[in-house]
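No lab work stands behind these numbers, since they all come straight from the coordinates. All values derive from a computational prediction rather than experimental measurement. Counting neighbours? That spans all protein chains shown, and the Cβs are built from the backbone with ideal geometry, glycine included.
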Amino acid sequence: MRIDVTELRRGIGREATYEFREAVQPVEMAGETVTFEPAQVTARLVNAGDSIGGYFEVSSGAHMLCSRCLKPVLVPIDMEFMVVYQQAPATPGKDDGLEHEVVLYTENRIDVSDDVRQHLVLELPMKPVCGPSCKGLCLRCGKDLNEGDCDCPKTDENPGMSVLKDLLKRE
């Protein structure tokens, strides 16, 4: 979404609020393609003189796989964030001491799409789960334990720890 800030820049303290719905590009994470529901965005832009403060409220959802049972799950995302926008210098490459947290814009138009997408990606959980009671998959046969018990012999030890158990036996 590109927002024209010509009117906003006519006076310090001016502000404008924009509400829109925007499609968000998918992202690749750990071999998985994460897709997003269209983002509902409320953006309040405020002229602070030499910069424009952008205050955002975003609601969306991410389609991911449960990290325990590998079933699809929709992870709701509701967040708020702020971005400082500053007019790009007239001379390209000129070092004007801008901090990295400042996003540059040109031609009195601010494109907020990348900012919304980047903050949505930052909100993604590292290990999404379909529910707190998800039992996951059997470590031996791979059966979804949410659908019932498997036929594997019941032991308290984790098969992945057998190597450590063997090391302890050697001592």
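Annotations for the structure displayed:
- ARG44-LEU124 FRET efficiency (beta carbon distance; Förster radius 30 Å; 0.05 resolution): 0.75
- Taking MET29, MET126, MET161 in turn, the Gaussian network model of the chain (Cα-Cα springs below 10 Å) assigns the largest fluctuation to MET161.
- Between helix 113-123 and the chain: long-axis angle, C-alpha atoms, 0 to 90°, nearest 10: 30 degrees
- Förster radius 22 Å - calculated FRET efficiency between THR35 and GLU147 (Cβ-Cβ, nearest 0.05): 0.30
- Nitroxide proxy distance, nm - points 7 Å out along Cα→Cβ at LEU167 and HIS63: 4.2 nm
- Loop-located chymotrypsin sites (Phe, Trp or Tyr not before Pro) in the range 16-71 whose Cβ has at most 13 other Cβ within 10 Å (DSSP): none
- The range 1-77: relative contact order as a whole-number percent, Cα under 8 Å and 6+ apart: 25 percent
- Identified option (computed Cα Rg over 2.2 N^0.38 Å; candidates (1) 1.18; (2) 1.56; (3) 1.02): (2)
- Residue exposure sequence - LEU120, LEU8, LEU168 - by fewest surrounding Cβ within 10 Å: LEU168, LEU8, LEU120
- Relative contact order (%) - criterion: Cα under 8 Å, at least six apart; region: the chain: 19 percent
- Mean ellipticity per residue at 222 nm, deg cm²/dmol - from DSSP H runs of n ≥ 4 across the chain, formula -39500 (n - 2.57): -3500 deg cm²/dmol
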